[in-house]
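Written out below as structure tokens is the structure these notes cover.
The values are calculated or read from the model by the stated rules, or taken from the named source; none is laboratory data. In this text, all values refer to a predicted model and were calculated from it rather than measured experimentally. Quick reminder, even Gly has a Cβ in these numbers, built from the backbone with ideal geometry, and neighbours come from all protein chains shown.
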Amino acid sequence: MARTIVLGGGDEASNSFAASLARHSGLSYASVERKIFPDGESYVRVREPLDGVDRVVLVKTMAPPQDKSIIETLLLIDLLKEKGVGEVVLVAPYLAYARQDREFLPGESVSVRALLRALRRVGADALVTIEIHKEESLRYFEGRAVSVSPYAYMASRIRVEGDAVVLAPDQGALRRARELAEALGVGFDYLVKHRDRVTGEISIEPKSVDVRGKRVIIVDDVISTGGTVAKASELLLSQRAESVDVVVAHALMVGDAASKLRRAGVRAVYAANTLPPKDPGLVHYIDVAPLVAEKALEVP
Ligand code: R5P
């Protein structure tokens, strides 16, 4: 009889997301074996017998080191197709390289395009990710692809008291602020940010929002170094915001991001469980696998 299984990609974040996804969709769960050879090359093995399995939902997040995660993903998809699996649905909770989605400076690679083409060409039939930086990037995956927006779902797991407002760090992220704010039943707005593409310097100018006495919730897709959110938090607290919390899809938390955020007065970060957990005490994780099970496994 035809069967679907959920396969965790071997690393802890992928496995726990996959296990939750399997539980919430009533599917069976298995994991893969992985190791790294002394010369640095990756090795993966699927011990689960695949006879009679016609669909595999492979959960593999592209956590740092991203390039290793990506090669493991490619090896796994290729292996599954060679084993005769009819349909491989890749669930990549965090899709790496999504922010390099165009040629900002002449001669730059459009990295997300290269990645999505590679995933498709090696054999992924469908792709499900959470909050890709720009939804338009999905067109580079020539197959069924969906990016699940987690903010409304996350809102139901966050307690907001008092006079609160949701702010996006820039106008491009206003959709995220609207979605979260509507689910929380509060107002929203955005800040004006400028990033120097060469030096990486960020400056943020205040927008016409009076945050005095307000509980501010900043919403963004990614915290990487924490620079964007830290600057916003400092600015908002200097404008007498009562507190600053953050809701983010992907908490990469690179280097000293956590101490940067604490120094900038951030009270708490609520992140989807798309990446390995970091900095307990500051970052609170919300399991969004049920949302993926509910919405994304039915990719049209
Ligand atoms: C930028 O376009 C993204 O939406 C994030 O605001 C940015 O990637 C965050 O990076 P960092 O934490 O290093 O400031």
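Restricting to region 221-264, count the residues that are crowded, with 21+ Cβ neighbours inside 10 Å, assigned to a helix (DSSP H, G or I) and within 10 Å of the ligand (Cβ to nearest atom).
Matching residues across region 221-264 total 6.
Anything in region 117-137 that is within 23 Å of A251 (Cα to Cα), surrounded by fewer than 20 Cβ atoms within 10 Å (Cβ to Cβ) and touching a strand residue (DSSP E or B) at 6+ places or on another chain (Cβ under 8 Å)? List them, or say none.
Matches in region 117-137: E135 only.
Taking G213, is it touching an Asp or Glu at 6+ places or on another chain (Cβ under 6 Å), small (G, A, S) and either away from the ligand (no atom under 16 Å from the Cβ) or in a helix (DSSP H, G or I) (or both)?
It is true that G213 is touching an Asp or Glu at 6+ places or on another chain (Cβ under 6 Å), small (G, A, S) and either away from the ligand (no atom under 16 Å from the Cβ) or in a helix (DSSP H, G or I) (or both).
Right, R144: more than 17 Å from the chain's Cα centre (by Cα) and within 30 Å of A118 (Cα to Cα) or not?
Judged against the criteria, R144 is a match.
Could you please tell me which pairs satisfy a Cβ distance under 7 Å, a separation of 6+ or placement on different chains, a first residue in region 215-232 that is more than 18 Å from G255 (Cα to Cα) and touching a residue at least 40 places away in the same chain (Cβ under 8 Å), and a second residue that is near the ligand (Cβ under 6 Å from one of its atoms) and of a type in the set (S, T, Y)?
D220/T228
For region 169-178, indicate whether the set of residues that are touching a strand residue (DSSP E or B) at 6+ places or on another chain (Cβ under 6 Å), closer than 26 Å to R215 by Cα and not in a helix (DSSP H, G or I) is non-empty.
yes
Can you name the condition, by its number, that D163 falls short on among (1) within 16 Å of the ligand (Cβ to nearest atom); (2) farther than 22 Å from M62 by Cα?
With respect to (1) within 16 Å of the ligand (Cβ to nearest atom); (2) farther than 22 Å from M62 by Cα, D163 is out only on (1).
Need the failing condition index for E201 against (1) within 13 Å of the ligand (Cβ to nearest atom); (2) touching a residue at least 12 places away in the same chain (Cβ under 8 Å); (3) of a type in the set (D, E, K, R), just the number.
(2)
Yes/no matrix, rows are residues, columns are (1) in contact (Cβ under 8 Å) with a residue 60 or more places away in the chain; (2) crowded, with 21+ Cβ neighbours inside 10 Å:
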{"site": "G40", "(1), (2)": "no, no"}
{"site": "D51", "(1), (2)": "no, no"}
{"site": "V59", "(1), (2)": "no, yes"}
{"site": "P64", "(1), (2)": "yes, no"}
{"site": "I77", "(1), (2)": "no, yes"}
{"site": "E103", "(1), (2)": "no, no"}
{"site": "L115", "(1), (2)": "no, yes"}
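Need pairs with beta-carbon distance below 9 Å; first residue within 14 Å of E72 (Cα to Cα) and within region 1-29, second buried (at least 21 other Cβ atoms within 10 Å of the Cβ) and among the acidic types (D, E); sequence gap 6+ or separate chains.
These pairs meet every condition: G9/E72; G10/E72; D11/E72.
Just need a number here: residues in region 149-168 that are part of a loop (DSSP other than H, G, I, E, B) and modelled with pLDDT of 95 or more.
2
Please work out if R267 is part of a loop (DSSP other than H, G, I, E, B) and either surrounded by fewer than 17 Cβ atoms within 10 Å (Cβ to Cβ) or touching a residue at least 24 places away in the same chain (Cβ under 8 Å) (or both).
It is false that R267 is part of a loop (DSSP other than H, G, I, E, B) and either surrounded by fewer than 17 Cβ atoms within 10 Å (Cβ to Cβ) or touching a residue at least 24 places away in the same chain (Cβ under 8 Å) (or both).
Which of (1) part of a strand (DSSP E or B); (2) farther than 21 Å from I130 by Cα; (3) aliphatic (A, V, I, L, M) is the odd one out, the single condition L50 does not satisfy?
For L50, the failing item is (1).
On the basis of being under 19 Å from L127 (Cα atoms) and not in a helix (DSSP H, G or I), does L58 make the cut?
yes
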